[in-house]
Each structure stands twice: as structure tokens, then as C-alpha cells.
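Okay, so here's the structure we're looking at.
Just so you know, all these numbers are worked out from the coordinates, no wet-lab data involved. Model, not experiment: these values are computed from the prediction. As a convention, Cβ positions derive from the backbone with ideal geometry for all residues, glycine included, and neighbour counts pool all protein chains shown.
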Amino acid sequence: MNRYYIYLVLLNMLVNVIIFVPKILIQYRYEGAVMGVLIAIPIGVALNYLYSKAINKFPEQGLPEILAHSKHRWLKMLHFGSSQLIWFSAGLITLVGFIDILARFVNPEMPKLVFLVIYLAALFLIIQFPTERVMYFLEIVLFLNTPLIGFIIFKAFTNEYLIWDSILEVSTYIFVKPSLKSIAAATYCFAGYANLIIFNRVIKGKLKIWNFIAIFILGTFNLFTTFFIPIGFHGSDGAQEYLYPWISTADSLRMVYSPIERVIFLFLMFYMSISLMSVAVHWHVAYELIKGSFRGKISKKKNWMILSSFTCCSFIAVIYFNTVLLTKITVYWMIFRLGIEMIVVAIFFIWARRRTA
């Protein structure tokens, strides 16, 4: 089993627990979200399988290396440009969302722009590292945080205040026709595989079937945990009232004999590094794709222009996007992403088979 591949998908699953996916799924809990989750699982695993198998035909190469000798330069630039925009926006959505969480739950008196400056300083340091070193950072963060997050989830499942009747009530809507919004939100939990567009550089050997079985198990558990645990704590109607259902759920947990009794503080502390690495991975991919658009090594001037554009977009988003607006934009962004993702995976899979035939 290739642990680097698992890391990329697991990171995307973990970060989506806290920000937008649970809110969207809970919003459509009576309107087909349960069926949407069930449909999203095979779609997510299939996209993982097709894309991973295709890009594995180009061992230890990212997209810039794969398309380096392409004769269709306009097609190459179109692919690079659209990919850069998608990956940058994915990181930006996570960044703006988590800064809003920090401003609400950690220090409401500190301006959001101060949080943004701190995050950007760390992000710009990480995204300029070689891809292998970024993966090492990700491995350390997951190694330190995943067991503790797993323990919090265990505490949630075994809590005496978890109302299983509310979970069963929502489960009875399993045969309601799902909305595209719930399917798009649920499939996003599996979308970490797309980072192979650059991180294939550090993948050694072929991906075995066990990798995809692991993704199926982790994804199924992640989606049902993300969706049902807040409903179990706050009720089938009450869960809808929270902007961030999982943070409110964490605040409902207590560890009586722990030095820190309120789980919400531990939960947010763990997710600070998880969200940082999620944005760093997305922006590293965008940064490498932008570098791949130029011939040869980019100059310091161009590098500063790239980082400056990242900074300007981040400041504009934090200033003008409130929580409600960001959620609405994210819903439609996820639908757009799912459509583009399915088209790109299908085309790349066919192209890779012909290229290596």
C-alpha cells in the first residue's frame, strides 16, 4: 500500500469534516443527502481508480513533465491555466473558511487579516519547497494529528448524549431523490487523489488494489461520520441551525480527566495544522503548475509576482466573503468541480492509454 497516496486523500477527507461538507449535507438531509452520500462513494472511488491508474503510466512525473514535449502548446496552456485556477481556488476556500472559524472561536477580537498574514507567511514558506519535502511535512502533520482526531471521533460515537433515534430518523429518507449539490459535496471528500497531478513525482511504483479498498473504507466511514454525528448530537432539526456543525459537536464533548476538559480547544488546535497543510498542498500544486507554464527556471521577479497574486486574492476574499456568501459560492464551486473533474479524468484516462499503448 502506498502511504503517500493515502495521505493525499486522507488529508482532503479530514479537512472537509470541519468546514463546508457537513453543513451542505445536513442542509439537504431531508432532500436526498443520504442517497447522495451512497451515490458519491462509488463515484469517488471510481474517479480515484481511473485517474491513479492513468497517471501511474508516467512514473515519478507530474503534469509539467508529462506535457513537456507536447506539440499542442495552446492545449497545454489551457490545461495548465484551468488547473491552476481550480487548485488555487480550492486552497483559497479552505483558507478563508478556517480563518472565519479562528476569528469566531479562538480570538474574536483579533482581525481576520492578522490571522491571514500569519497563515500566508507559513504557506509561502511551504509551497516553495520541493514536492518531496512538502510530502514529508504532510506526513508529520498527519502522524501527529490523525490518532488524536480519531480518538475524538471515538469519544463522539461512545458519548451517552448521542441520539441514535435522530440518526435513524434521517436514514429513513434514503430513497429520496438526491440533489446534485449533496452529491458534489460528498464526492469532494474523495478528491484528494487529484493532487497526484504534481505529487505523482513522489509516488514510487504502481498503486495496488489495496489502496483503493482503503480509500473506499476510509471514505465511507468519513462521510457517514461527517454527516450523522452532528445530527446525533443536535437532533435532526437542530443540526441545521449551526454554521459549523462539527465545531458545535466538538464543543458538546468533554474529557473529564484530561488537562483540557473541553474538546473544542483540542479539536481546533489539531485542525489548525490540518487546514494549513490542506491549503499548502493545493497551493503547492497551483504554484508548480504555474512554474510549469514557463520555459526553464522562473526568475525571482516572476516568483514574487506569483506570490503577490496569491496574497492579493487572499486579502480580497477575506475582506469581502462573509460566511453565508462563502458557503453559497462553495456549493456551486463543488458542482462545477465535479463536472470538470469527471470530464478531465475521462479524457486523461483515454489519452494516457493511447499514449502508452
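Pick from LEU85, LEU95, LEU47: which is most flexible by mean-square fluctuation in a GNM of the chain where alpha carbon atoms under 10 Å apart are linked? Among LEU85, LEU95, LEU47, the largest GNM mean-square fluctuation belongs to LEU85.
As a footprinting exposure proxy, order LEU325, LEU25 by other Cβ within 10 Å, with the fewest listed first.
Working: LEU325 10, LEU25 27.
Listing LEU325, LEU25 from fewest to most nearby Cβ atoms yields LEU325, LEU25.
For the chain, the 222 nm mean residue ellipticity estimated from helices alone, with every DSSP H stretch of n ≥ 4 adding -39500 (n - 2.57) and the total spread over all residues, rounds to -25000 deg cm²/dmol. Roughly speaking, what is the centre-to-centre gap between region 23-64 and region 225-253 when only Cα atoms are used, to the nearest Å? First find each Cα centre; the distance between them is then 24 Å.
The string of couplings for region 154-165 from the Karplus curve (6.51, -1.76, 1.60, θ = phi - 60°) is 4, 4, 5, 5, 9, 6, 5, 8, 6, 8, 5, 4 Hz, one whole number per residue in order, with x for Gly and Pro.
With 10 angstrom as the radius, rank TYR244, TYR193 by how many other C-beta atoms surround their C-beta, starting from the fewest.
Numbers: TYR244 21, TYR193 27.
So the residues, fewest neighbours to most, are TYR244, TYR193.
Distance between the pseudo-spin-label points of PHE265 and LYS328 (7 Å out from Cα toward the beta carbon): 3.8 nm.
Taking the highest mean first, how do the peptides 200-206, 88-94, 231-237 order by number of other beta carbon atoms within 10 angstrom per residue? Don't jump to the answer; show the numbers that get you there.
Details: 200-206: 15.6, 88-94: 23.0, 231-237: 20.3.
Descending mean neighbour count gives 88-94, 231-237, 200-206.
Counted by neighbouring Cβ atoms within 10 Å, the residues CYS189, CYS313 run from fewest to most as CYS313, CYS189. Which stretch or stretches of region 275-310 have amide N atoms under 11 Å from the point lying 7 Å from VAL106's Cα along the Cα→Cβ direction? It comes to 275-276, nothing else. Could you please state, rounded to a whole Å, how far the C-alpha centre of region 317-357 is from the C-alpha centre of region 141-195? What the calculation gives is 21 Å, centre to centre. Considering only the Cα atoms of region 242-357, their convex hull presents on average a projected area of 12.3 nm².
Charges were assigned to the Cβ only: +1 to each Lys and Arg, -1 to each Asp and Glu. The resulting dipole of the chain about its Cα centre is roughly 1960 debye. Annotation for region 291-357: trypsin sites (Lys or Arg not before Pro) lying in DSSP loop with at most 10 further Cβ atoms inside 10 Å of their Cβ are ARG295, LYS297.
Stretched out straight at 0.36 nm per residue, the stretch from PHE151 to ILE298 would grow longer than its current Cα-Cα span by 48.5 nm.
At R0 = 41 Å, how high is the FRET efficiency between ALA121 and ALA46 if r is their beta carbon distance? Nearest 0.05 is fine. All intermediate terms of the calculation are to be shown ahead of the outcome.
Details: r = 39 Å, r/R0 = 0.96.
Once rounded, the FRET efficiency stands at 0.55.
Geometric descriptor of region 3-355, per residue, is 135 Å³ (volume of the convex hull of the Cα atoms). For region 1-141, what does the alpha-carbon gyration tensor say about shape, rounded, prolate or oblate, given a ≥ b ≥ c as the root eigenvalues, a/c under 1.5 as rounded, and a/b over b/c as prolate? Here region 1-141 falls in the oblate category.
Once you list every other residue whose beta carbon is under 15 Å from the beta carbon of ALA250, what net charge do they have if Lys and Arg are +1 and Asp and Glu are -1? Mind showing how you got there, number by number?
Values: positive: LYS23, ARG104, LYS155, ARG254, ARG262; negative: ASP251, GLU261.
Taking every other residue near ALA250 into account, the sum is +3.
For the peptides 172-185, 274-287, 10-23, 128-141, the ranking by mean Cβ contacts within 10 Å, running from highest to lowest, is 274-287, 10-23, 172-185, 128-141.
Could you give the length gained by full extension between PHE221 and PHE143, i.e. 0.36 nm per residue of separation minus their alpha carbon distance, to one decimal place?
Working: separation 78, 0.36 × 78 = 28.08 nm, distance 1.91 nm.
Roughly 26.2 nm would be gained on extension.
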